Structure formats: C-alpha cells, structure tokens
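Working notes, structure below.
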Amino acid sequence: MADAPSSPARPAQEQAYYGDTYLTDTEAYVVASGETADDGGASPWIAVSPNIFHPKGGGQPSDEGTVDGVRVAPERSDDGLVILTGDALSAAPLAVGAAVRCSVDAEKRRLHAALHTAGHILGALGEARGWRHSGHSHFPGQARLDFDPEGHEDELASPELREAVRAELQTGMDQALASRGAVTAAVDETGHRTVTIEGVNAEPCGGTHVRSLADLTNVRILDVKIKRGAIKVRYEAEHA
Ligand SMILES: [Zn+2]
C-alpha cells in the first residue's frame with residue numbers, strides 16, 4: 001500500500017507501470033495538481049503516486065483509464081511528472097493528499113505491451129541483418145519499425161526479394177518466441193531504465209512489456225517495403 005506523500009514542494013511519483021505491466025487497478029494519492037493552459041482554456045490536471053498510467057512515448061500509445069471513475073488521459077509534463085487530464089476533473093477537484101482509485105483499461109494495456117515487446121524483437125532482428133533502426137510505431141493496427149535503407153537497396157530490390165526478407169524475419173521472430181525468454185527491466189540510480197529480453201537484447205526503454213515471450217501470440221511480420229527513404233516493416237501481435 002502506498003504512503004501519503006509528505007513533501008508537496010517537489011512531489012515524488014512512483015512509476016508503478018515501470019515495475020508491473022499487469023497492475024491496472026490501484027489505490028493512489030494525489031501528489032500534485034494544477035491547470036494546463038491550452039486551446040484558449042485552462043484544464044485541470046492531477047498527478048498521482050503510485051502512477052499506473054503510461055503516457056504516450058517511445059512509439060507506444062497512452063493508456064486509457066479512470067480516477068475515481070472519472071475518465072482521464074495521461075501525458076508527461078515538461079518536468080517529467082506523469083499528469084492526468086480530463087474534462088470531468090473540473091467538476092470534482094481533487095486536493096493534494098486525497099486518496100483515489102486508479103484504473104487502466106487492462107485489455108488495451110496488454111495489447112500495447114504485446115505490440116511494444118514484439119517491436120523490440122523485430123528491432124533486434126533488423127539490426128542483426130545490419131539494418132540501422134530509425135523509427136517505430138507500436139500503435140494497434142499500424143505497428144511498424146523503420147530502418148535506414150542505405151546500403152541495403154539490393155537485398156530489397158524486387159517484390160520477391162522483399163517477401164524473402166519478410167519470411168526470414170518471421171522465422172527469426174518465431175525462433176525468438178519459442179525461446180520463451182524472460183522480459184525484465186531495471187532502473188539505475190540516475191533514473192535510466194533498461195529493458196532486457198532474455199536471448200534477444202537489452203535497450204533503454206520507458207514502455208510497458210510482457211513478462212516473458214510466452215505471453216506473445218499471433219506475431220506476424222506483414223510486409224517489408226521501402227517507402228519515403230526508409231525500410232518499413234509492418235507487424236502485428238497479440239497478448240496470449
Ligand atoms: Zn520497450
């Protein structure tokens with residue numbers, strides 16, 4: 001159970017989503033509140049701790065959820081705090097120190113974590129081919145990784161070659177998933193978080209991930225294209 005924060009000046013916020021992807025309902029305390037000025041109006045925001053809401057970032061969408069039953073949307077403020085905004089917050093203002101019930105859409109969280117984790121594996125498979133990772137989106141229905149095509153034009157010069165590469169990536173993905181490697185995360189003393197997929201790779205990341213590769217299913221490499229100066233590999237994935 002969380003302790004009530006004691007220092008309102010510079011609120012500490014425990015990022016519970018870093019430690020547990022599957023914690024989607026918890027009691028928390030309001031540790032800060034304020035108003036954002038945007039689009040000509042002021043909207044109230046709160047920050048809670050422990051915080052289970054993942055704000056959009058690193059190609060992963062924001063969580064959707066509620067605080068005391070009121071719909072909120074998370075975002076990261078300039079000073080690194082995860083803040084929650086929602087129109088209905090103005091109807092029932094929450095004071096710093098108030099205990100609240102937080103809930104995240106668990107199905108979406110699981111899907112986002114599955115797509116995001118599969119993206120790590122695909123990135124490692126591309127880099128193993130000598131491709132340089134240049135971008136990504138892990139949004140449902142539009143998940144893809146981008147790589148720099150420089151020096152790799154020949155291997156992707158025809159539809160047949162691109163299909164062969166797609167099939168190779170699928171084989172590599174299937175082999176990685178069959179290993180059922182553990183997925184772990186560690187935050188160092190400077191706040192940098194490293195996510196390690198056993199047998200695959202380790203990289204800095206602030207997203208949410210499944211517990212092990214056994215949690216992934218229906219991971220499909222859909223196609224490989226060269227478009228707008230990038231190798232684009234589209235994929236899909238589901239949580240088992
Ligand atoms: Zn990640």
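Values in this text are rule-based calculations from the coordinates and carry no lab data. These figures come from a predicted structure and were not determined experimentally. No Cβ is skipped: glycine too gets one built from the backbone with ideal geometry, and neighbour counts run over all protein chains shown.
With distances taken between every two different alpha-carbon atoms, the chain has a Kirkwood hydrodynamic radius of 19.3 Å. Report the local net charge at Ser90: Lys and Arg +1, Asp and Glu -1, summed over other residues whose C-beta lies under 15 Å from its C-beta. Overall, the nearby charge balance is -4. Summing +1 for each Lys or Arg and -1 for each Asp or Glu among the other residues whose beta-carbon sits under 14 angstrom from that of Thr194 gives -3. Here the sum of -39500 (n - 2.57) over DSSP H runs of 4 or more residues, divided by the residues of the chain, equals -6500 deg cm²/dmol at 222 nm, to the nearest 500. Calculated on C-alpha atoms, the gyration radius of the range 16-104 divided by its Kirkwood radius gives an Rg/Rh of 0.94. Simple point charges give the picture: +1 on the Cβ of Lys and Arg, -1 on the Cβ of Asp and Glu, and for the chain a dipole about the Cα centre of about 340 debye. Here the dipole of the range 109-169 is about 580 debye; that uses its Cα centre as origin and unit charges on the Cβ of Lys and Arg (positive) and Asp and Glu (negative). Of the chain, which part is the longest with no trypsin sites (Lys or Arg not before Pro) in a loop (DSSP not H, G, I, E, B) and with at most 16 other C-beta atoms within 10 angstrom? Excluding the exposed sites themselves, the longest stretch runs over 57-128. Taking the radius of gyration and the Kirkwood hydrodynamic radius from Cα positions alone, what is the Rg/Rh ratio for the range 117-189, to two decimal places? Expressed as Rg/Rh, it is 1.02.
Between Gly191, Gly65, Gly80, the residue with the greatest mean-square fluctuation in the GNM of the chain (Cα pairs under 10 Å linked by springs) is Gly191. Seen against the Cα atoms of the chain and their longest principal axis, helix 159-178 is set at about 60 degrees. Centroid-to-centroid, using Cα positions, the range 81-142 and the range 188-207 are 16 Å apart.
The residues neighbouring Asp68, those whose beta-carbon lies less than 15 Å from its own, together hold a net charge of -1 under the Lys/Arg +1, Asp/Glu -1 convention.
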